[in-house]
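Working notes, structure below.
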């Protein structure tokens, strides 16, 4: 126990020194119009991301967890401007990239990349591995042919593929191998920031750890900053320093990993944590600590979210206020933010 | 016996494996195509026909357009293998030279149609929105008009139908069906993650269209283009047969058969109209076999190895 506290305090101390903000997200919203009727007029909005603010520090991994439909992938795509935000501000290294056109964003793409979930859909099957990895370099156009070939060889080795794999095509690889190709494609530009959009959830469990470890190693080597999107907390725990929990387009809680896993504040986080299956050898202790919280019902429609706190319809601790006021994300402890009325008095 | 086959099996597998490496999906499709006997037969036949049309001057000494009124409707002889037509022109020479016209029209009209259809479909499927709406309404209108009647009307309004004009008319009236196929393929590709991935590295629209969309849409395009070529040869023959196509004296298979509108020729000179008829049949059949072979080759589900 004592060991743990010193470790975490040490960790925080080192972080204090180099807390340099890489990405600053301010009140970002993404509403998708819902069109209907004969004239295709907008009859409503799907609030995929609704007023989200947070920062990502240089060199860290921020995990984002949420059910499918919670808007986490949309959020990721907003950050690297694959989607245009409806409102809000996105600062990348203090530069406002919110309203840049695709042409203007192009130079920034060198510094921010994405690894997609499905390794079968995210690689163009008609291109060889070499073509796939070379494409970002050609598009960004900073290197000549020989430099590109050298860079490809270097990155191929780094992600654990063989140089002879260059001439192969995606259909000749397994899911895990394909994901390595995706990672190589993302990292060949030597970006600063990589969005990992559920990079392991399509893989076999036995391969997941391999790919996660690879990503961790590469992070150390290249000094990468990750935004790691996942739908369960166990994968995120492995790789993140801080974890954010998303529910219906909004942030429910954001905190350093250990704090979040040991002392979750938001009822939703508690429910998510209790749903992680664990093999606990110390049975008595686990019974005391882990009460199973079951959430009833489904995720409400983001087109028509509940009033007040969006989680109230499934929250075991909901009270009257939750239906009226929308809880804002507030710092309850240091670095521990939560959006819940249960902590209004703190 | 058992041990021998056991020894052979892995060796074969390994060579297969080495063989299969570095083959792009397109090359794999071509290999599947090469294993399709019917399609290869079609390809061989078509090649022979193409050769015959290219080397026509070597195969006959007669000018297909030169009339000789002293030698009208001759029976086959050593001078005129297939006899002569009602203007005394050598039928065999007309058959050979006629294949040039039929194949040229089939191929160029197909190429031109694919070009227009590809551009229209690509723009429509890639950009969507208002442009898509406009292009699709135009295709709706053209598709609502019967293709043959539309083409015939345009040709009837023109004074002289040349081959070039004929090709343009076919392309202008036939592109909508291909544009729809391309648009549909593009629409489904637009939602694929690898396209988003191309955007994420900052690829321009032109690169996304040419490097990502078209290579992935090439299968259906090639298949439809091939089958379209067959139907265009038929279309030219049909129009020439009823006298709305390429006018005399230019030989085409269609206007050779139109000789058979004369009951005398039909009854007493089968050598004048059966060969061009058979030529059309064989050519179209060969192209359709190739088209079917390509369809199977590009459909990954048909890979039964």
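Since every read-out is calculated from the coordinates, none of them should be taken as a lab result. Just so it is clear, the model here is predicted, and its values are computed rather than measured. Counting neighbours? That spans all protein chains shown, and the Cβs are built from the backbone with ideal geometry, glycine included.
Data table
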read-out: Estimated distance in nm for a label pair at residue A:174 and residue B:218, the labels positioned 7 Å out from Cα along Cα-to-Cβ; value: 3.0 nm
read-out: Shape call, segment A:152-295: gyration tensor on alpha carbons, a/c limit 1.5; value: prolate
read-out: Most mobile of A:257, A:168, A:270 in a GNM of chain A (Cα contacts under 10 Å); value: A:168
read-out: Degrees between helix B:25-34 axis and first principal axis of chain B (Cα, 0 to 90, nearest 10); value: 40 degrees
read-out: Overall dimensions of chain B by Cα: Rg and Dmax, Å; value: 24.2, 79
read-out: Modelled FRET efficiency - R0 30 Å, residue A:320 with residue A:35, Cβ distances, 0.05 increments; value: 0.25
read-out: Inter-centroid distance (Cα atoms) of segment B:124-203 relative to segment B:225-246, Å; value: 20 Å
read-out: Over chain A, volume per residue of the alpha carbon convex hull, in Å³; value: 173 Å³
read-out: R0 of 25 Å, Cβ-Cβ distance residue A:274-residue A:330: FRET efficiency to nearest 0.05; value: 0.60
read-out: Rg to Rh quotient for segment B:47-186, alpha carbon positions, Kirkwood Rh; value: 1.17
read-out: Gain on full stretching of the segment that runs from residue B:143 to residue B:79 - 0.36 nm per residue minus C-alpha separation; value: 18.2 nm
read-out: Gain in span if fully extended, residue A:91 to residue A:27, counting 0.36 nm per residue against the direct Cα distance; value: 21.9 nm
read-out: Residue-averaged beta-carbon neighbours from other chains (10 angstrom radius) around A:122-132; value: 5
read-out: Neighbour-count ranking [beta-carbon atoms within 10 angstrom, fewest first] of A:341, A:266; value: A:341, A:266
read-out: Shape call, segment A:130-206: gyration tensor on alpha carbons, a/c limit 1.5; value: oblate
read-out: Taking B:22, A:336 and counting other C-beta atoms within 10 Å, the order from fewest to most; value: B:22, A:336
read-out: Choice from A:114, A:324, A:64 with maximal GNM fluctuation in chain A (Cα, 10 Å cutoff); value: A:324
read-out: Residue A:304/residue B:155 FRET efficiency (R0 51 Å; Cβ-Cβ; nearest 0.05); value: 0.30
read-out: Among B:289-299, B:127-137, the order from most to least packed when residues are scored by Cβ within 10 Å on average; value: B:289-299, B:127-137
read-out: Segment A:184-216 versus segment B:30-50: alpha-carbon centroid distance in Å; value: 45 Å
read-out: Largest-first principal axis extents of the Cα set of the protein assembly as shown (Å); value: 117, 71, 48
read-out: Cα-based helix-to-principal-axis angle, B:270-298 vs chain B, degrees rounded to 10; value: 0 degrees
read-out: Over segment B:137-214 - Rg/Rh using Cα atoms and the Kirkwood inverse-distance radius; value: 1.20
read-out: Within the protein assembly as shown, percent of DSSP bridges classed antiparallel, to nearest 5; value: 65 percent
read-out: Packing-based exposure ordering (other Cβ within 10 Å, fewest first) of B:51, A:315; value: B:51, A:315
read-out: Within 10 Å of each Cβ in B:23-29, the average number of Cβ atoms from other chains; value: 4
read-out: Degrees between helix B:2-20 axis and first principal axis of chain B (Cα, 0 to 90, nearest 10); value: 80 degrees
read-out: Among B:217-230, B:182-195, the order from most to least packed when residues are scored by Cβ within 10 Å on average; value: B:217-230, B:182-195
read-out: Residue-span extension gain [residue A:146 to residue A:164] - 0.36 nm each, minus C-alpha spacing; value: 4.7 nm
read-out: Estimated 222 nm signal from helices in the protein assembly as shown, with DSSP H stretches of n ≥ 4 weighted -39500 (n - 2.57), rounded to 500; value: -17000 deg cm²/dmol
read-out: Pair residue B:282, residue A:154: separation of 7 Å Cα→Cβ label points (nm); value: 6.3 nm
